[in-house]
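Heads up: the structure comes next, in structure tokens.
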């Protein structure tokens, strides 16, 4: 029965997958959760949080629970299987082509990530135990804000503390203390996070937002959307997309002069706001850099900018649900 259900979900269109999970598995699926084409999910209990996503060509077959938190994503071509469960917190990411063996429980804390082609094992054996060879079976736990870069391999029984970065191609065989930067085979602590993380003043956030905006002009607009004519007016990008004039403007911590606001009148307005108490014009779209909230909009440029900031800079915005 389980194999039949798995196959049925695999071939069903995305909207039907969620209906089948609710009907046949009593799954709890939050608003705007998404399961992509040619993906399948089966577990004892399935819970998908709001705005969570399981991308196309991903297979998840568990005998235990699957819980995917709000705004968390499991990317394409990922394989997750085992006799236990996978518990993923809010705003997490599991990169493409990753493999997770969950014969014992695997947990990811809030805002943690596995990069592309990471591997997590909770059970290791092949040669006969009765002939003296070893077997290890133990769960894996990643704390909050743990970032494992591409190709990290995590052994059974590993616990990684909060606020830790594991460099690419590392092999983690033992517990890692919180606030560490580790790399190598076996992975060793090479620095502490406090030594490399900058303290962000409002002016530094202004500078970071301006850098993201200018990089979006080059990567998001020129390369990905093919736009050629983009005006960079200091705090504002002006361009046209499918006949519509757009203006993307940074509102820094010191505010923005009235003449700059007048210059973007008549355009579709998108604001990155780092100024407390600043009120946007009616019908504009706003990224609040202080609360990390925005209203999720079908507007193509707004969506492209939101995805760009998350993909290239790790800045994830939650849905404010505010009207236009």
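Here are some notes:
- Per-region count, segment 290-303, residues surrounded by 16 or more Cβ atoms within 10 Å (Cβ to Cβ) and in a helix (DSSP H, G or I): 2
- Residues that are closer than 16 Å to residue 285 by Cβ and surrounded by fewer than 13 Cβ atoms within 10 Å (Cβ to Cβ), drawn from segment 220-261: 244
- Segment 111-128, subset part of a loop (DSSP other than H, G, I, E, B) and modelled with pLDDT under 95, residue nearest to residue 170 (Cα to Cα): 125
- Test: residue 41 is within 28 Å of residue 312 (Cβ to Cβ) and in contact (Cβ under 8 Å) with a residue 24 or more places away in the chain: no
- Scoring residue 197 on the criteria (1) loosely packed, with under 15 Cβ neighbours inside 10 Å; (2) within 24 Å of residue 94 (Cβ to Cβ); (3) touching a residue at least 12 places away in the same chain (Cβ under 8 Å) leaves a single failure, condition (3).
- Search result, residues across segment 156-178 that are more than 20 Å from the chain's Cα centre (by Cα) and surrounded by 19 or more Cβ atoms within 10 Å (Cβ to Cβ): 156, 158, 170, 172, 176
- Residues of segment 283-324 that are in contact (Cβ under 8 Å) with a residue 24 or more places away in the chain and over 23 Å from residue 71 (Cα atoms): 283 alone.
- As a summary of the residue check, residue 45 satisfies the conditions (1) more than 21 Å from residue 143 (Cβ to Cβ); (2) touching a strand residue (DSSP E or B) at 6+ places or on another chain (Cβ under 7 Å) except for the one numbered (2).
- Residue in segment 21-38 that is in contact (Cβ under 8 Å) with a residue 40 or more places away in the chain, under 29 Å from residue 138 (Cβ atoms) and out of contact with any strand residue (DSSP E or B) (no Cβ under 6 Å at 6 or more places or on another chain) present: no
The values are calculated or read from the model by the stated rules, or taken from the named source; none is laboratory data. The structure displayed is predicted, hence computed values, not measured ones. In this analysis, Cβ positions are derived from the backbone assuming ideal geometry, glycine residues included, and neighbour counts consider all displayed protein chains.
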